[in-house]
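Peer 1: Encoded as structure tokens, here's the structure I'll be asking about.
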Amino acid sequence: MTTGFGELLRWHRGAAGLTQEELAERSGVSVRAIADMERSRTSRPYRRSVSLLADALLLTGQARDEFTRSARSSAGGAGDLRAVTGPARPAEAEPLRVTPQELPSAVPGFTGRSAELEALTGLLDRSGQQAGGVLVISAIGGTAGVGKTALAVYWAHKVADRFPDGQLYVNLRGHDPGQPVLASDALAGLLRSLGVPGQDIPPGEDERAARYRSLLAGKRMLVVLDNAGSAGQVRPLLPGTGACAVVVTSRDALAGLAARDGAARLDLDVLPLEDAVALLRTLIGTRAAAESDAAVELATQCCRLPLALRVAAELAAARPAVPLAGMVSELADLRTRLDLLESGEDPRTQVRVVFSWSYHHLDTDAARAFRLLGLHPGPDVESYSAAALTGASVPQARRALDVLARAHLIQPAGPSRYAMHDLLRAYARELADSQDGGDEQRTALTRLFDHHLRTAAAAMDTLYPAERHRRPRIPGPAGPGPRLAGPAAAREWLDAERPALIAAIGHAAAHDWPGHATRLATTLSSYLCDGGYLPEAITGCGHALGAARRSGDHAAEAAALLDVGWVTWQQGRVQQAADHHRRALALFRAAGDRAGEARALGGMSLAEAELGRYEQAARLQQEAIAIFHDIGDNLGKARTLDVLGFTRQRQGRHREAVSYHEQSLGLFRTLGDREGEAWALAWLGTADMQLGRYRHGARYLERALALFQEIGSAHGESRTLIWLGEAYLRLGCHEQAAGFFELGLTICRETGIQVTEAEALNGLGDVHFQTGDVGKAREHHTAALRLASEADVPFNQARAHGGLARACQADGNSPQARHHWQQALTRYDAIGAPEAREIRARLATAGDNGDKPTEENGGITALPPG
């Protein structure tokens, strides 16, 4: 059996003695990309990435050849999808299959809980199969720090082999001092873990839940929902199949899950004294065994809570010269002092004594860092953000994070990232309120948000330099920031910080930092939309829109409406997008912002074109072009010229379209916008094809494809591959045409662009029909019709109906063929497409024999990026 690329990469890395982080630093390929490759979650590694990895691993000769061949065959035999330079047809691509393995690492030194582990396994076994059911691990009395997550994760690792389709994990942050994770946001993350690209994640919670259940149907997966706040937060995340098992942890009993959803509950108490002492022995070592009485007393003082025991054990390990008895006495004295202020036996009060004990042994810098880290609105933090929050240097921040991690006051959450238990976060915020005051806390968060803005702006200037003038102007660096040397580093930073950035936008919007919320959302817009992070984009834009309206900032409101409109457009909600752009247009005009006015006009024109109102779309585009010309915005002018060319192509005015695309090409080249240049070349190729110049059009398309592959634009690459398929189909080169369609289809399915996927399927249907495989043709056109109907794209629907009509006619089913031709005519008529005239003429002269019209044009339907 051939070794997979991920396995081979992992073997070579191990042989070189490198961690993923070290290989990333040596090669320039991100840690995330390497991890995804090793887990076989990247089916199309970039050719350049493979070469960089081979260089970093010092591979030469036969070893390097084997490494490269393995990468090319990693997509089920489809070939190196990033390195297509000619029309050779690959083997049939396998459907994308994702096996998530998201369980966090089990805590080191897990001790005890044997009865609970047996009970969980017994509940699983009694569910009917070797999987299935909902298991709730709740804390008796709502006690935090009792070890719910540690137990759930440890047990999940033990039974993971029962779930061959994977394991999912999400922290719902139900009892976090900040906002809990909304079910809709959790579903977005779960869908992405299951291989659904951001562009394809439905906008509503109900639709996301339905898609989630569909993907889990028939699969044997384990889902761990950690730190749930309520049954309502959990219920949308439950699979609809008994082959999956769900483990929920919560401080609450979640009785509603038992009543409505048949959940079994395991109530978790503090550790038995024997297990608590055993955990101390495991963590401290021989001192705990030598001072057994003191160990028993220490376990009692920690309320036998695992979180407190670990904090205390780390403090003991850090002070090897101090006897345990002395530490017990010290802790007792501290508790006495706190008891003067607080009474009662609430375990949460008692565990704060342990936290206080550990906190008071921190040096001044680490103690301040701990307090201020509790203010961070995101799920985790790295050294640059910590430096910004505390006002320290990066080395100082790294030292503080290291001290806090060793004290178990924060825990690792990924390479160079740290998270804080919600109980510790609450304690840190209490300390900040008492010691730092409101002004200092606000100053700290302002530094953090300034850091986010500056670094995000630098990353976006690297990734999207031509759009620099469209983004808010951010002051130069006032603090340390990461070095973003090139597009790969910029994207890696944005990918790693994305959850924290979205959280920052939400916190800034809700707590009176409106300028930070609106500027950060606008700055990130292109990255979120182009990267397929549409759920995050709509969340960020929504926060920004609310902040702008509450603060009365009409300019920021208009910019947010523009971004919301673009996101809703990509989600297929055309009319809503048009409404957002229309409101933005009114605000831009009232403010005299001509650049914004032109962009809003362009956004409105997209809706008009999609609805088939081509002349209205063209008028809006021409008005926008005139404004862009007047104000000297050549980027806006070039992009809108390309869209106007597309509109004229839909109207059959192909020579006019060519002139617009040629103008845009010249502007993009002057601007140095290589992605824009690639789009203009691709559009020129499609226009040539529609004029019957297939070879000339194919040459344009091949040049565009090379550019898209070089800059790493999967979106542009997929569309251009499909258009090349159309060109080679009309040249009669069926084998090459099918190869391009299949490659484009594979990328479409990974990027979630249903409109383009339908184009690829229609193209494959045409190939199979022309080569005599009517059954395969029908299969592909049927799939294209379903996707085009879901996306509400009438042009692709019409083309699919045309393909089905030809298939029915070939099978001798003339009535059904006529039905499909009529459906195609209805849709072409509705959008004013010139294809309608030809079909109408044929239907008028045809009898019930269902004579078919001649083929429609190449189905060039996609819009360039706006």
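The values are calculated or read from the model by the stated rules, or taken from the named source; none is laboratory data. Keep in mind that what you see is a predicted model, and the values were worked out from it rather than measured. Heads up, the Cβs are rebuilt from the backbone with ideal geometry, glycines too, and the neighbour counts pull from every protein chain shown. With ligands, DNA and RNA removed, areas are computed over all heavy atoms of the protein, side chains included. Shrake-Rupley method; radii C 1.70, N 1.55, O 1.52, S 1.80 Å.
Peer 1: Here is a list: Glu835, Glu759. Which entry is closer than 29 Å to Leu194 by Cβ, of a type outside the set (A, V, I, L, M, F, W, C) and either open to solvent by less than 30 Å² (accessible area, probe 1.4 Å) or in contact with a Lys or Arg (Cβ under 8 Å, 6 or more places away or on another chain) (or both)?
Peer 2: Answer to the selection: Glu759.
Peer 1: Residues in region 430-442: is at least one under 32 Å from the mean Cα position of the chain (by Cα), among the small types (Gly, Ala, Ser) and part of a helix (DSSP H, G or I)?
Peer 2: Scanning region 430-442 turns up no residue that is under 32 Å from the mean Cα position of the chain (by Cα), among the small types (Gly, Ala, Ser) and part of a helix (DSSP H, G or I).
Peer 1: Test each condition in (1) open to solvent by 10 Å² or more (accessible area, probe 1.4 Å); (2) modelled with pLDDT under 95; (3) in a helix (DSSP H, G or I) for Gly572 and report the one that comes out false.
Peer 2: So the condition that Gly572 fails would be (3).
Peer 1: Can you pull out the residues in region 541-569 that are at pLDDT 95 or above and closer than 21 Å to Thr462 by Cα?
Peer 2: none
Peer 1: Would you mind telling me which numbered condition in (1) open to solvent by 50 Å² or more (accessible area, probe 1.4 Å); (2) under 30 Å from Leu283 (Cα atoms) Arg491 fails?
Peer 2: (2)
Peer 1: Kindly indicate the residue of region 190-220 that is hydrophobic (A, V, I, L, M, F, W, C) and touching a Ser or Thr at 6+ places or on another chain (Cβ under 9 Å) and also surrounded by the fewest Cβ atoms within 10 Å (Cβ to Cβ) among those meeting that condition.
Peer 2: Out of the qualifying residues, it is Ala217.
Peer 1: Which one of the conditions (1) more than 30 Å from Asp200 (Cβ to Cβ); (2) without any contact (Cβ under 8 Å) to a residue 60 or more places away in the chain does Ala578 fail to meet, given that it meets all the rest?
Peer 2: (1)
Peer 1: Checking the conditions here, which among Thr282, Thr241 is open to solvent by 30 Å² or more (accessible area, probe 1.4 Å), in contact with a Gly (Cβ under 8 Å, 6 or more places away or on another chain), among the hydroxyl-bearing types (Ser, Thr, Tyr) and within 27 Å of Arg162 (Cα to Cα)?
Peer 2: Thr241
Peer 1: Okay, next question. Within the set of pairs 6+ apart or on separate chains, which have a first residue in region 675-695 that is modelled with pLDDT of 90 or more, a second that is open to solvent by 10 Å² or more (accessible area, probe 1.4 Å) and acidic (Asp, Glu), and C-beta atoms under 7 Å apart?
Peer 2: Listed pairs, sorted by first residue: Leu684/Glu662.
Peer 1: Among the candidates Ala459, Ala466, single out the residue that is at pLDDT below 90, touching a Phe, Trp or Tyr at 6+ places or on another chain (Cβ under 9 Å) and in a helix (DSSP H, G or I). Walk me through it before giving the result.
Peer 2: On the way: Ala459 fails: at pLDDT below 90.
Going through Ala459, Ala466 in turn, just one is at pLDDT below 90, touching a Phe, Trp or Tyr at 6+ places or on another chain (Cβ under 9 Å) and in a helix (DSSP H, G or I): Ala466.
Peer 1: Looking for something in contact with a Pro (Cβ under 9 Å, 6 or more places away or on another chain) and more than 24 Å from Leu194 (Cβ to Cβ) - is there at least one such residue anywhere in region 783-801?
Peer 2: Checked against the condition, which is being in contact with a Pro (Cβ under 9 Å, 6 or more places away or on another chain) and more than 24 Å from Leu194 (Cβ to Cβ), region 783-801 yields no hits at all.
Peer 1: Now, a different point. In region 494-508, what residues are open to solvent by 10 Å² or more (accessible area, probe 1.4 Å) and of a type in the set (A, V, I, L, M)? Can you show your working first?
Peer 2: The first filter runs over region 494-508 and keeps only residues open to solvent by 10 Å² or more (accessible area, probe 1.4 Å), leaving 495-496, 498-499, 502-503, 506-507.
Hits for region 494-508 are Ala496, Ile502, Ala503.
Peer 1: Applying the selection to region 391-424, what residues are in contact (Cβ under 8 Å) with a residue 60 or more places away in the chain, open to solvent by less than 20 Å² (accessible area, probe 1.4 Å) and not β-branched (Val, Ile, Thr)?
Peer 2: Listed by number, the residues that qualify are Ala407, Leu409, Asp422, Leu424.
Peer 1: Could you say whether any residue in region 727-737 is open to solvent by less than 20 Å² (accessible area, probe 1.4 Å), in contact with a helix residue (DSSP H, G or I) (Cβ under 6 Å, 6 or more places away or on another chain), closer than 22 Å to Val574 by Cβ and in contact (Cβ under 8 Å) with a residue 24 or more places away in the chain?
Peer 2: No, the conditions are met nowhere in region 727-737.
Peer 1: Looking at (1) in a helix (DSSP H, G or I); (2) over 30 Å from His715 (Cβ atoms); (3) of a type in the set (A, V, I, L, M), which is the one condition that is false for Val247?
Peer 2: (1)
Peer 1: A further question on this structure: Only one of these is touching a Lys or Arg at 6+ places or on another chain (Cβ under 9 Å) and either at pLDDT 60 or above or open to solvent by 30 Å² or more (accessible area, probe 1.4 Å) (or both): Val31, Val50. Name it.
Peer 2: Val50
Peer 1: Can Phe795 be described as part of a helix (DSSP H, G or I), closer than 25 Å to Pro834 by Cβ and touching a residue at least 60 places away in the same chain (Cβ under 8 Å)?
Peer 2: Yes.
Peer 1: Looking at (1) of a type outside the set (Asp, Glu); (2) open to solvent by 70 Å² or more (accessible area, probe 1.4 Å); (3) closer than 14 Å to Leu309 by Cα; (4) out of contact with any helix residue (DSSP H, G or I) (no Cβ under 7 Å at 6 or more places or on another chain), which one does Val270 not meet, given that it meets all the others?
Peer 2: With respect to (1) of a type outside the set (Asp, Glu); (2) open to solvent by 70 Å² or more (accessible area, probe 1.4 Å); (3) closer than 14 Å to Leu309 by Cα; (4) out of contact with any helix residue (DSSP H, G or I) (no Cβ under 7 Å at 6 or more places or on another chain), Val270 is out only on (2).
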